[in-house]
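Below is one structure, written out as C-alpha cells; the observations come after it.
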Amino acid sequence: MAINSLETPHQESIDSDLKDPALTRIRDLVYRISGIFHQENKFYLLATRIRRRMKEVRSNTLSDYFEVLTMRPNRDAEMRSLLNEITIGETYFFRSQGQLNAVSKIILPALLAMNAKQSVKKLRIWSAGCSTGEEPYTLSILMMEHLLPAHKDWTYEIIATDLNENSILKCKEGLYNEYAMRNLNALMRDKFFRQEGNLYRVKDEVRPAIRFERLNLQDQSKMLFMKGFDLIFCCNVLIYFDGVAKRRTVDHFYNGLIPGGYFFLGECETLFGVYDQFRLTHFPNATGYCKPGPDAPGGVK
C-alpha cells in the first residue's frame, strides 16, 4: 500500500483547506477508521485526495464533506471511496528476493518438518496489504515451484487482503504491465502468465489457492478471526500507522501465527521499539520474525 499521488485540484482551494479546522477532523476520522495517520506535513496530500471526493459528491466545504462522512446515509460507502483515493498500490512480482529465498530454502522445509504429523497438510499464508496482487501471486508461484512438486500430499492457502476496494478488483483481474513483471525471467513469465497485447494475465493454475478480501487492519472484530497462519507478510503498510496502531496491528499478526510461524515486513521496516514478542531472525539478505514455541524451527523458544 502506498499513498496515492495523482493530479491535484486547484491550488487556491487546497491553500484554503490547509487552514480549515475541518481538515484535522477528517484526518482524525480517517485515522480512527483505518489507522492511517497524516502528519501535518502531509496535509497537502490529504487535502488533494479529499478535494477529489468532494467534487464527486458535490460538497463545497470541508465541513460539509465531514458531515457526508459522519451523518449522511451513504457515510460508510463514502469513507470507503475516500480510503480508495488515499491508498494505492505500488509493487511488482518477486520484489523481495531475499525474503523469498528464505521462505523457499529455509522456512518452508522447517515448517514442513514441524507440521509433518498433522493430519491435514496445508500451509496457510496471509498477504496483508496485498495491494494489486503481485505479492500473493508471487507466493502462489513460489509454492507451486518449491512445495507441490516434492510434497504431493501438501496443499497451500493464501489469504490476500487490502483496505482498497479498487486494489482488490485489480487483484482478481490479474492483468499486469511489463513494469510489474521486471523481476521475472522469460521462462517464469511464460510459465505462469499469458500475454495479452502489451499486458500479462496470471494463468488459471496460479489462482485457486488465493482468496482476495477487503480487510481493514484496524477492524478489531474481523482481525480476531485471522488465525492459524504459518506465514504472514505485511510489507510497507505499517509505515502509514502511528505507534499505537502499529502495536495493535502487530499484536494481531502475532496472535494469528502458529507457534514457529514467521512474519515479514518490508525490507526497510523494523519492529524495533514497536513490539518485542517476536524473535528477530537473520537470513542471507533478509530478516524476519519468528513466533516462539516449543516446536518452532531452529529451536526458537
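The values are calculated or read from the model by the stated rules, or taken from the named source; none is laboratory data. As the structure is a computational prediction, the values presented were derived from the model and not from experiment. Here Cβ is always computed from backbone atoms with ideal geometry, including for glycine, and neighbour counts include all displayed protein chains. Accessible surface is based on the protein model in full, side chains and every heavy atom, while ligands, DNA and RNA are left aside. Shrake-Rupley method; radii C 1.70, N 1.55, O 1.52, S 1.80 Å.
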- Item | Residues of segment 67-105 satisfying the condition of being closer than 25 Å to C268 by Cβ, surrounded by fewer than 14 Cβ atoms within 10 Å (Cβ to Cβ) and of a type in the set (S, T, N, Q) | Q97
- Item | Test: Y200 is assigned to a strand (DSSP E or B) and either open to solvent by 20 Å² or more (accessible area, probe 1.4 Å) or within 19 Å of S140 (Cβ to Cβ) (or both) | yes
- Cβ-Cβ under 8 Å pairs, at least 6 apart or on other chains, segment 215-243 side touching a residue at least 24 places away in the same chain (Cβ under 8 Å), far side among the aromatic types (F, W, Y) and surrounded by fewer than 19 Cβ atoms within 10 Å (Cβ to Cβ): Y240/F37; F241/F37; D242/Y31; D242/F37
- Query: Looking only at segment 240-257, which residues are in contact with a Leu (Cβ under 9 Å, 6 or more places away or on another chain), farther than 24 Å from L83 by Cα and surrounded by fewer than 21 Cβ atoms within 10 Å (Cβ to Cβ)?
  - Reply: N255
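Please tell me if V274 is touching a residue at least 24 places away in the same chain (Cβ under 8 Å), surrounded by 21 or more Cβ atoms within 10 Å (Cβ to Cβ), at negative phi and not in a strand (DSSP E or B).
On the way: touching a residue at least 24 places away in the same chain (Cβ under 8 Å): yes; surrounded by 21 or more Cβ atoms within 10 Å (Cβ to Cβ): no; at negative phi: yes; not in a strand (DSSP E or B): yes.
No; evaluated as a whole, the condition is false for this residue.
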- Task: Return the residue satisfying two criteria in turn: it lies in segment 135-180 and is closer than 22 Å to R194 by Cβ and of a type in the set (S, T, N, Q), and of such residues it is surrounded by the fewest Cβ atoms within 10 Å (Cβ to Cβ).
- Result: N177
- Message: Here are the criteria: (1) surrounded by fewer than 18 Cβ atoms within 10 Å (Cβ to Cβ); (2) closer than 30 Å to L224 by Cβ. Tell me which single one D64 does not satisfy.
- Response: (2)
